[in-house]
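The values are calculated or read from the model by the stated rules, or taken from the named source; none is laboratory data. Computed from a prediction, not measured in an experiment: that's the story for all the values here. Glycine gets a Cβ as well: all are built from the backbone with ideal geometry, and neighbour counts include every protein chain shown. Remember, those area values only see protein heavy atoms, side chains included, never the ligands or the DNA or RNA. Shrake-Rupley method; radii C 1.70, N 1.55, O 1.52, S 1.80 Å.
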Amino acid sequence: MVRQEIETKLQAAFKPSHLEVIDESYRHNVPAGSESHFKIIIISNEFAEQKMLNRHRAVYSVLVKELEEGVHALALHTYTEKEWIELEDTVLASPACRGGSTTTSTL
């Protein structure tokens, strides 16, 4: 459900030629069924002449509601079509979980 909402919003905002929204919550220390960690691969010429930071800011601005309501992490892979072709359709793996979603306190 969260994944689908993310896809819909990104499709509308960036009109990508390729979009994958992958729920990676199962790889993290979260309750079963959580939708809190996602890898997003988005290929759009809307990113032309934008630095990576600005691309990520643009994605975050579209997903404000999701980030406020439980999405804990986004692994963003934002490319133009030319960059994607140059990568030969390869994407780096998401980083390993460091326990950022745990609720234990060390106080």
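For the reader, a short list of remarks on this structure follows.
- Å² of accessible area per residue within the stretch 38-87, as computed with a 1.4 Å probe and no ligands counted: 58 Å²
- Surface composition of the stretch 2-91: carbon and sulfur atoms hold 49% of the protein heavy-atom accessible area at a 1.4 Å probe.
- Shown is the FRET efficiency for Ile85 and Tyr60, computed with R0 = 30 Å from the Cβ-Cβ distance and rounded to the nearest 0.05: 0.70.
- Volume of the Cα convex hull of the stretch 2-91, divided per residue and given in Å³: 90 Å³
- With contacts taken as Cα pairs under 8 Å and at least 6 residues apart, the stretch 2-91 reaches a relative contact order of 31 percent.
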